[in-house]
Amino acid sequence: WAAFPKPGRVVEILDAGRVNNSAEAPLTGHPAVRRVFARVRRGDTIEPYAHCAQRPGFVIVGGDTYDEAMRSAQAGAAALADRIITA
């Protein structure tokens, strides 16, 4: 599921050590998240969304049911978006 932080220049990525890493529990509080990918770094500019190639980050999740996986994916993406701070 794609993460869409606020457009602007990336000034910080909170808890960056858990991004793009297969460490256990990549997003604290979201144990179903298996992988977290940020496609931006400090100093990059996030443009308003126009197409999926612009997605600044995304998460891969697991779940026992489709609904459970979808809820986890959306929650994980929102958590990642909250960690990418723009100005």
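The values are calculated or read from the model by the stated rules, or taken from the named source; none is laboratory data. Just so it is clear, the structure is predicted and the values come from calculations on it, not from any experiment. Calculation scope for accessible area: heavy atoms of the full protein, side chains included, ligands and nucleic acids excluded. Shrake-Rupley method; radii C 1.70, N 1.55, O 1.52, S 1.80 Å.
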Share of the chain's accessible area from carbon and sulfur, percent, 1.4 Å?
-> 51 percent
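Please list Phe4, Phe58 from largest to smallest accessible area, probe radius 1.4 Å, with all protein chains kept in place. Display every interim value, and only then the final one.
Values: Phe4 100, Phe58 40 Å².
Result of the area sort, largest leading: Phe4, Phe58.
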Tell me, what HN-Hα J-couplings in whole Hz come from the Karplus equation 6.51 cos²θ - 1.76 cosθ + 1.60 at θ = phi - 60° for each residue of segment 2-8, using x for Gly and Pro?
-> 7, 10, 10, x, 4, x, x
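If eta is 0.890 mPa s and T is 25 °C, what Stokes-Einstein diffusion coefficient results for the chain, Kirkwood Rh from Cα pairs, in µm²/s? Before the final figure, lay out the partial values.
Working: Rh = 12.9 Å.
The Stokes-Einstein estimate is 191 µm²/s.
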In terms of solvent-accessible area of protein heavy atoms at a 1.4 angstrom probe, what is the ranking of Tyr66, Tyr49, highest value first?
-> Tyr66, Tyr49
